[in-house]
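Peer 1: One structure is given below, represented as structure tokens, and several questions about it will come after.
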Amino acid sequence: MKEQILRVMVLGAFLWLAAVGSAAAQQSSPSVPKFKNDAEKAAWIQANPAEYQRLSGTKGTTTPEFKTAAEKQAWVDAQNSRAKAAKQAEVSAVPNEPTFPVMKNSGNPAADAAEYDANKKAWYEAQEAALIQRKQASMAAEKSTSSTTK
């Protein structure tokens, strides 16, 4: 008997939590208006741009109107190029240094790659030599400073 009462109480608590959770979820979800046609939807979007951006998740993005398919394709290509350039800038392993060698395209990929690798190796060696010289100069300056203070 006690076991049966306990089961009923647990089931009642579970159903109550489910009902409360469902009601909370319905209140927090955005209310998307229903439209009869595209003209009505366009008018609502025009009258409520902030709400439309909030509901659609398109905040900060704008897509222009296009007169031709070629115009639209040119815009899409430009967007893709910008996105690709941004991604390459993020992932680039090339140092952000104006003196770093640049890969040339002479039409001979093997020769271009060999020249680029040689230039890159020379650049790294020059950077390493300059670093060593700076460290030696710094150490010499420290030595002369410490010997004059004694």
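The values are calculated or read from the model by the stated rules, or taken from the named source; none is laboratory data. All values reported here derive from a predicted model rather than from experimental measurement. Virtual Cβ from ideal backbone geometry, glycine too; neighbours counted across all protein chains shown.
Peer 1: Just give me the residues in region 105-129 being in a helix (DSSP H, G or I) and exposed (fewer than 10 other Cβ atoms within 10 Å of the Cβ), in sequence order.
Peer 2: Filtering region 105-129 for residues in a helix (DSSP H, G or I) gives 109-129.
Passing the criteria: only ALA110.
Peer 1: What residue, of ALA78, ALA89, is farther than 30 Å from PRO33 by Cα, modelled with pLDDT of 85 or more, under 22 Å from the mean Cα position of the chain (by Cα) and not β-branched (Val, Ile, Thr)?
Peer 2: ALA78
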